[in-house]
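First up is the structure itself, then whatever we jot down about it.
The numbers here are math on the coordinates, done by the rules we state, and not lab data. On a predicted model such as this, the values are computed, not experimentally measured, just so you know. Glycine gets a Cβ as well: all are built from the backbone with ideal geometry, and neighbour counts include every protein chain shown.
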Amino acid sequence: PVEETLVLVKPDGVARNLTGEILRRIEAKGYQLVDIRLVEADLELLSQHYAEHQGKPFYEPLIEFMQSGPIVAIRVAGERVIEGFRSLAGTTDPTTAAPGTIRGDLGRDWGLKVQQNLVHGSDSPESAARELALWFG
Ligand code: CMP
């Protein structure tokens with residue numbers, strides 16, 4: 001099915017000038033950019049976005065990191081794009097993410113309390129609908 005997903009270029013990706021490279025990979029895969037915005041996310045938005053992680057040891061550092069600079073939020077469409085973008089992104093830990101993926105090629109572990117892993121992608125159709133409503137209204 002044609003789906004939509006929320007992709008975020010996190011503050012580390014924007015600060016490292018990797019937004020263009022990340023957009024290039026999404027476009028090269030054949031997905032459509034439907035909407036895009038630069039966002040300085042506040043606590044309200046982030047606590048809703050990351051509600052499922054509340055209470056985990058990396059939650060507070062994650063919320064702090066996500067407020068450390070602008071984020072690029074992108075509405076991306078395509079056949080099986082939810083699963084497809086997560087495959088493009090690679091697994092959470094950039095050290096072990098497969099080469100060829102965004103995190104595997106461009107990310108590394110900075111030895112911090114939270115994985116600064118360049119991108120976020122919705123993990124299910126339910127998450128995509130919820131997250132797109134949060135970031136794009
Ligand atoms: P994301 O896909 O945005 O969802 C939650 C984020 O928390 C994740 O990317 C990482 O940035 C971070 N994260 C997830 N698991 C861990 C972990 N075990 N240790 C540190 N950070 C994590």
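Over the chain, what is the relative contact order in whole percent, taking alpha-carbon pairs under 8 Å and six or more residues apart? Kindly include the intermediate steps, with their values, before the conclusion.
Values: 233 pairs, mean separation 51.1, N = 137.
37 percent.
The residues packed around Ala98, meaning those with a beta-carbon under 13 Å from its beta-carbon, carry a net charge of 0 if Lys and Arg are +1 and Asp and Glu are -1. Scanning the chain for trypsin sites (Lys or Arg not before Pro) in DSSP loops with at most 15 other Cβ atoms within 10 Å, what's the longest stretch left with none? For trypsin sites (Lys or Arg not before Pro) (loop position, at most 15 other Cβ atoms within 10 Å), the longest site-free span of the chain is 30-79. Once you reduce region 100-137 and region 1-29 to the center of their Cα atoms, the two points are 9 Å from each other.
Tell me, Thr5, Thr95, Thr101 in order of fewest to most beta-carbon neighbours within 10 Å? Can you show the working numbers first?
Numbers: Thr5 29, Thr95 12, Thr101 19.
Ascending number of Cβ neighbours within 10 Å: Thr95, Thr101, Thr5.
Using modelled amide H (1.01 Å from N, peptide plane; none on Pro or chain starts), what sits under 5 Å from the amide H of Tyr31, excluding residues fewer than 5 places away? Answer set, sorted by chain and number: none. For Gln48 and Ser68, the difference between the fully extended length at 0.36 nm per residue and the C-alpha to C-alpha distance is 5.5 nm.
When the helices of the chain are scored as -39500 (n - 2.57) per DSSP H run of n ≥ 4 and the total is divided over every residue, the value at 222 nm lands at -11000 deg cm²/dmol.
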